[in-house]
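Read-outs throughout are calculated quantities, based only on the coordinates presented, and are distinct from any laboratory measurement. Treat the numbers as computed from the prediction; the structure is a model and nothing was measured. Backbone-built Cβ (ideal geometry, glycine too); neighbour counts: all protein chains shown.
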Amino acid sequence: MRSEINELRQALQAELTEHILPYWLRLEDTQNGGWYGQVLANETIVTTADRGAILYGRILWTFSAAYRLLKRPEYLAAATRTKDYILNHFIDPQFGGVFWQVDYKGQPVDTRKQFYALGFILYGLSEYVRITNDQHVLEQAVNLYQCIEQHAWDDTFGGYIEATLRDWSAISDYRLSNKDLNAPKSQNTHLHIIEPYTNLYRVWPDEQLRTSILRLMDVFIQHILRKDNHLGLFYEMDWKPMGNAMSCGHDIEFSWLLDEAAEVVGVNQDEVVKRVAQAAKEGLQTNGAMHGTWWEQAETVIGYFNLYQRFGDEKGLAIAYTCWKAIEIYFIDHIHGEWYEHANNQPQADKAGFWKCPYHNSRMCLEIIERCKQL
C-alpha cells in the first residue's frame, strides 16, 4: 500500500504542475483582463466568449489552494488577478451578491442571483484569504455569506432556494442549466454551500457561521439523504422529491465534504460518511472509473482515499488508485494538457468553459498531495 500511496502522490503532483495548471495559465486574457471564457475541443480559444461566475470562482480557488501548498509565485499572481477581476466585474455593486455571467469585456449580461454561484465565489475568496489574510477580501466573503443567509434560507421548510432575480425578488426559472429540473431546491446547491461555508470558517470562525454549517448537515440528513444512502437531486419547497434520479459522483463528493465540514466544526459524522461512500460504489465501472464525466473521477479519488486515511479502509485506497489509473488512460489529454470532459473525448466537448474548469481535477491532486503528507 505504501508504494501505491507514494506513486499516487508523485503522479498527481506532476499532473497538477506539469499538465493542468500550465494549461490554465496560458488562458490569461492580457487585453481584457481575467481569463478567456471558452476553449473548444480542438483547442481553439474563443476570445469573445462570455464568462461565468462559477468558472471564475473555481479558478480563484484553484490557484489560491495551489499556492498554499506549493508556494509557486506564478500561482499567487494568477490568484490575485482572478480575485481582482471578480471584485471588479462579478460583485453586484448595487444589490450585492454575484452576477451569473459577464461578457468578455466584463459587463454583466445575466444578472440573476444563483446561490450556487455565490457559493463558488465565496469558496474562492475564502481560499484567497487563507494565503494572504487580506481583510478586504474577507469582508467581501462574509458579505456573500450574509447574502445567502438573508435571501436564500427558507424559514418555513428549511434549506436554501436556488435563485432569485438581481434584486433578490422571486424568479420563475431556478435552473442552473438546461440539464436540470426547474426545482426550487437541489442537492447540488446545498453541497456547494456547505463547501464554502466550511472554508470560510477556517478564516472566520464565527459562531453563527458554525450554526449555519450544523444546520446544513441536518438538512442533508433529514431531507436529501435517501433511505438507500444515495442523495436525491431535486426538490419542491417542502422537500417533496422531484423525480428519483441520483448521482454517485455527487454521493462520493458529499461523503468527503461532509467529513471535512464535521472536522472543521468539531462534530462526528463518521457513520453517514461511510454509508454514503459505500452506496456510491454502485457507480464504479469495470475499468475502475466512476460512471460519468471528468469531475466524477476526481471526486472518486478523493472520496475513497479519504476512507483509507480516516478509517484505514484499504479497499478505499485500492478504489482511489484504480480510478486514477483509469483517469490516466481515458481522461487526460497527454498532448495539450488538461482533461477531456468525457472518456477519450467522446463525445467531444469544450476543454474549458462555463462548467469545464480546473477545480475538480486540481483539487484531487492537491488533496492527495496534502493527505499523503499526513500519513
Where does the chain land at 222 nm, in deg cm²/dmol rounded to the nearest 500, when only DSSP H runs of n ≥ 4 count, each adding -39500 (n - 2.57), divided by all residues? -17000 deg cm²/dmol
Could I have the simple spin-label model distance between V46 and D155, label points 7 Å from Cα toward Cβ, reported in nm to one decimal? 4.2
Partner lysines for K373 [C-alpha distance under 24 Å; skip if fewer than 8 residues away on the same chain]: K71, K274, K315, K325
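Rounded to the nearest whole Å³, what is the per residue volume of the convex hull around the Cα atoms of the chain? Intermediate results must be reported in sequence, preceding the final value.
Numbers: hull volume 48.6 nm³, N = 375.
Per-residue hull volume (Cα only) is 130 Å³.
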Taking the alpha carbon gyration tensor of the range 285-355, what are the square roots of 5 times its eigenvalues, largest first, to the nearest whole Å? 25, 12, 10
Tell me, how many Å apart are the Cα centres for the range 302-328 and for the range 27-77? 29
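Give the relative contact order (percent, whole number) for the chain; include only Cα pairs under 8 Å separated by 6+ residues.
Values: 627 pairs, mean separation 72.7, N = 375.
Relative CO of the chain lands at 19 percent.
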Quick check: residue separation of V267 and D238 times 0.36 nm, minus the Cα distance between them. What number comes out in nm? 7.7 nm
Lys/Arg Cβ at +1, Asp/Glu Cβ at -1, dipole of the range 46-114 taken about the Cα centre: which of T82, W61, T111 is farthest positive-ward? W61
If neighbour count is taken as other Cβ atoms inside 10 Å, put R72, R130, R51 in order from fewest to most. R72, R130, R51
Ranked packing of 252-259, 178-185, most packed first, by mean Cβ within 10 Å: 252-259, 178-185
Based on alpha-carbon atoms only, what is the radius of gyration of the range 1-74 relative to the globular estimate 2.2 N^0.38 Å? 1.33
Taking the simple approach of a point 7 Å from Cα along Cα-to-Cβ for both S177 and L214, what is their distance in nm? 3.6
Where nothing but the Cβ of Lys and Arg (+1) and of Asp and Glu (-1) is charged, how large is the charge dipole of the range 2-374 around its Cα centre, in debye to the nearest 20? 340
Under 30 Å between alpha carbons, and skipping anything fewer than 8 positions from K113 in its own chain: which lysines qualify? K83, K105, K179, K185, K240, K351, K356
Dividing the alpha-carbon radius of gyration of the range 48-97 by 2.2 N^0.38 Å, where N counts its residues, gives 1.24
Peptides 32-43, 316-327 ordered by average Cβ neighbours within 10 Å, highest first: 316-327, 32-43
